[in-house]
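Have a look at this one.
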Amino acid sequence: LWQFGSLGVYVLACLVLAGISFTWWARIHLGRFWSNAITHKEGHQVIDTGPYGLVRHPIYTGLIAGMLVTGIAVGTVTAMLGAALISLLVYVFMGESSRRSHLERETRELRGDGREPVNTETVSGNAS
């Protein structure tokens, strides 16, 4: 659909790098609380600093940003559609992950065992 000059390519490459870096910052910021599955961690605490003070799901946000900018940089219909579709699937998974975490927490509260799971995308106390 379009082609970017040298400056445009460098700007887009920097934007992709920014998205990936934001994802890694979030992952590193979670430290021992990060997991590729929703699990209960000893000493659980809500993380609302660093990238988690800026957006609710910084790992997913960085991945989606990098993917969309890559699709724009390639500049073909298939690249744009592919980036949009994959981004949509990540967004849907992000919502499902949050819903699952909240359901597990409510179930534990109803059972009365008091344990809370740690979500891979721990969020601040802001309700949404």
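Taking each pair of different alpha-carbon atoms in the stretch 1-100 once, compute 1/r for the pair, average those values, and report the inverse of that mean as the Kirkwood hydrodynamic radius in Å to one decimal.
Working: mean 1/r = 0.0670 Å⁻¹.
Hydrodynamic radius (Kirkwood, Cα pairs) of the stretch 1-100 is 14.9 Å.
Residue separation times 0.36 nm, minus the C-alpha to C-alpha distance between residue 7 and residue 96: what's the value?
That works out to 28.2 nm of additional length.
OK, next. Give me the number: length gained by fully extending residue 49 to residue 79, i.e. 0.36 nm times residue separation minus the C-alpha to C-alpha distance, one decimal in nm.
Values: separation 30, 0.36 × 30 = 10.80 nm, distance 3.44 nm.
Extra length available between residue 49 and residue 79 comes to 7.4 nm.
Step through the residues of the stretch 17-23 one at a time and calculate ³J(HN,Hα) from phi using the Karplus curve (6.51 cos²θ - 1.76 cosθ + 1.60, θ = phi - 60°), rounding each to whole Hz and writing x for Gly and Pro.
4, 5, x, 5, 5, 4, 4
Under a point-charge model restricted to the Cβ atoms of Lys and Arg (+1) and Asp and Glu (-1), what is the dipole moment magnitude of the stretch 14-107 relative to its Cα centre, in debye to the nearest 20?
80 debye
Every number here is computed from the coordinates shown, using simple stated rules; none is lab data. Bear in mind the structure is a predicted one, so any value in this text is a computation, not a measurement. All Cβ positions, glycine included, derive from the backbone under ideal geometry; neighbour counts span all protein chains shown.
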